[in-house]
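One structure is given here, and the rest of the page talks about it.
None of the figures in this text is laboratory data; all of them are computed from the coordinates on show. Bear in mind the structure is a predicted one, so any value in this text is a computation, not a measurement. Cβ placement follows ideal geometry from the backbone for every residue including glycine, while neighbour counts extend to all protein chains displayed.
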């Protein structure tokens with residue numbers, strides 16, 4: 001190594017390194033203090049991941065009210081409907097004045113002419129837009145916002161099914177007559193409620209909350225704005241992975257969607273065959289009773305199928321998060337017994 005190069009490395013390089021550190025620190029301070037980066041990241045988590053209770057509850061309540069009281073499911077994509085859903089939700093969260101110009105709910109242009117509550121893609125045409133200006137888009141890029149939207153639609157579908165189960169519970173509890181069929185319907189609903197509780201707790205606690213904590217730890221250790229951008233992208237990728245929203249997890253997601261669709265179908269049949277609820281006696285062989293029983297049996301088979309798929313993937317070491325979902329679902333060994341019995 002030439003003496004000149006040695007001299008440059010020992011005299012100039014340290015100065016450049018110090019100056020670089022000062023610039024990076026100033027840049028981080030600018031993003032956090034002036035651009036309020038953490039404020040926007042918290043907003044994205046609150047509204048795309050429905051982590052703010054009042055906003056998420058109001059959003060799902062308004063949306064489910066429109067879906068469950070109208071025959072045409074496409075009503076949710078009307079401009080007036082979307083404006084009402086968003087404004088009511090923001091108002092309930094106390095953020096209407098702060099976010100009215102930043103957060104917008106729109107619909108995609110490729111909405112099919114026919115949509116029903118049973119379609120697993122029903123909510124895929126929502127476009128929740130959070131406006132990000134330069135230079136914040138260095139850390140919150142458009143590609144990242146698209147990932148937020150994918151997760152948002154998935155969570156929305158799950159919470160809508162939760163609302164459907166709440167409606168089923170209200171319908172069954174309002175019945176004055178007691179009969180064997182009604183008791184069975186309560187059992188069916190209880191099975192479905194258990195599955196949804198497990199799924200929602202897994203996503204909320206094991207996926208969203210843990211991913212967020214890890215993301216915040218990496219932000220605190222970051223020394224350059226590019227490290228924060230990389231941590232943000234990794235945070236979203238991890239969330240999508242654990243929410244089964246990657247191509248490799250498609251078979252599991254299909255099983256989950258099948259279960260959710262059958263829960264919604266059960267609700268639709270319950271509304272159609274409402275006479276059962278007020279009858280003093282119902283014949284077990286009646287077509288209405290059989291239809292409800294068949295739907296529950298299909299639901300039960302779908303959950304067992306999901307349990308078997310999860311068990312095989314956990315055995316192969318596919319993902320540690322799935323083992324938590326499996327433990328929650330099979331807490332008392334119920335599905336171990338049922339799955340073993342079903343293979344005989």
Ranked by how many other beta carbons lie within 10 Å on average, peptides 219-226, 119-126, 159-166 from highest
159-166, 119-126, 219-226
Can you tell me the FRET efficiency between residue 191 and residue 26 if r is taken as the Cβ-Cβ distance and R0 is 41 Å, rounded to the nearest 0.05?
0.10
Order the peptides 53-59, 244-250 from the highest to the lowest mean number of other Cβ atoms within 10 Å of their residues.
53-59, 244-250
Mean separation of Cα contacts under 8 Å (at least 6 apart) over the residue count of the chain, i.e. the relative contact order in percent, is 16 percent
Determine the gain in length on full extension of the stretch residue 183-residue 38; use 0.36 nm per residue of separation and subtract their C-alpha separation, reporting nm with one decimal.
47.2 nm
Spin-label pair residue 234/residue 69, simplified geometry with 7 Å Cα→Cβ offset, distance in nm:
4.7 nm
Grab the alpha carbons of the chain, take their convex hull, and tell me the volume per residue in Å³.
181 Å³
What distance in nm separates the simple spin-label points at residue 210 and residue 226, each placed 7 Å from Cα in the Cβ direction?
3.1 nm
Pairing the Cα long axis of helix 79-92 with the longest principal axis of the chain, what angle in degrees results, from 0 to 90 and rounded to the nearest 10?
70 degrees
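Which shape class applies to segment 131-277: rounded if a/c is under 1.5, otherwise prolate when a/b exceeds b/c and oblate if not, where a ≥ b ≥ c are the square roots of the Cα gyration tensor eigenvalues? Mind showing how you got there, number by number?
On the way: a/c = 3.17, a/b = 3.00, b/c = 1.06.
It is prolate, given that a/c is not under 1.5 and a/b is the larger ratio.
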Label-point gap, in nm, between residue 315 and residue 250 - each point 7 angstrom along Cα→Cβ
2.5 nm
